[in-house]
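Chemist: The structure under discussion is supplied below as structure tokens; questions concerning it will follow.
The values are calculated or read from the model by the stated rules, or taken from the named source; none is laboratory data. Predicted model, so just to flag it, every value in this text is computed and none were measured. Heads up, the Cβs are rebuilt from the backbone with ideal geometry, glycines too, and the neighbour counts pull from every protein chain shown.
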């Protein structure tokens, strides 16, 4: 099985390479400048020559706050670009697995969101991702749109790495405690996506009947359990301290105490029951996974002999 992944430098692409290497899956990761979703001419020209069995579109404009001042750039990648990738997959005759986000919801329902719940993004980033979902679905009936949330990993820039860096600089860190979500370890997500890819390849359907196939459509793919950002920070510091790494006290603050250009959903927990029902996939609880992530990051620091090697 050859899986072509867009977004070569992202957390998920790194995680897919790591998981694929141990699973015997051929993972080909593509990114800029060779493949730039904001440059339409590069998309089909590159993807049509890859020999992909499945395409995972993990490329995204993820600067949530900056998107408020440059929405056209977010839209070019997350919406128009995503649609172009889905079109290329359709021309190749292969399924597309497209990564979306909990930010398509406004966070006001106070229960874990199901796939059929009303979409109402609060900002430019979420709006661009929702538009991308619509374009992917319209371009390729054989689509699996995977909404995920609060992704962290040993790679790239993410909340867990930021907390470890801050713990090495100060004794106390103020962290938002009134936003709830589903923290998701990118390595767990990568394993789930490989299982999804295998299943959709085994599903022999013609395009016009794809919409009736239970393996296609929108799915929520996120870590088990729930947390606030403060809960996640406390777990990071506890895991680090137990391994002799840096730790800090968490000062729980409200969203209003940490203003940002983009509004965040107050409660974007994702219900993953459909994923379990259709695919039999349940991601591990975030509390176990965050320990593995911290252990890997501390091991990387020790291996390089530099306390700054794991910084974003």
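Chemist: Return a yes/no flag: does segment 132-140 have any residue that is buried (at least 22 other Cβ atoms within 10 Å of the Cβ), over 18 Å from residue 101 (Cα atoms), touching a helix residue (DSSP H, G or I) at 6+ places or on another chain (Cβ under 9 Å) and modelled with pLDDT of 95 or more.
Modeler: yes
Chemist: Return yes or no: is residue 54 over 18 Å from residue 199 (Cβ atoms), at pLDDT 95 or above and buried (at least 19 other Cβ atoms within 10 Å of the Cβ)?
Modeler: no
Chemist: Surrounded by 14 or more Cβ atoms within 10 Å (Cβ to Cβ), at pLDDT 95 or above, out of contact with any helix residue (DSSP H, G or I) (no Cβ under 9 Å at 6 or more places or on another chain) and closer than 30 Å to residue 120 by Cβ - does that describe any residue in segment 290-297?
Modeler: Among the residues of segment 290-297, not one is surrounded by 14 or more Cβ atoms within 10 Å (Cβ to Cβ), at pLDDT 95 or above, out of contact with any helix residue (DSSP H, G or I) (no Cβ under 9 Å at 6 or more places or on another chain) and closer than 30 Å to residue 120 by Cβ, which makes the answer no.
Chemist: Over 20 Å from the mean Cα position of the chain (by Cα) and over 22 Å from residue 155 (Cβ atoms): does that describe residue 53?
Modeler: yes
Chemist: Kindly check whether there is at least one residue in segment 124-137 that is in contact (Cβ under 8 Å) with a residue 40 or more places away in the chain and not in a helix (DSSP H, G or I).
Modeler: no
Chemist: Still on this model: Conditions first: (1) surrounded by 15 or more Cβ atoms within 10 Å (Cβ to Cβ); (2) free of Cβ contacts under 8 Å to residues at least 40 places away in the same chain; (3) over 14 Å from residue 81 (Cβ atoms). Residue 46 passes all but one, so which condition is the exception?
Modeler: (3)
Chemist: Inside segment 144-167, can you point out the residues that are at pLDDT 95 or above, farther than 20 Å from residue 27 by Cβ and outside any helix (DSSP H, G or I)?
Modeler: Hits for segment 144-167 are 145, 147, 149, 150, 152, 158.
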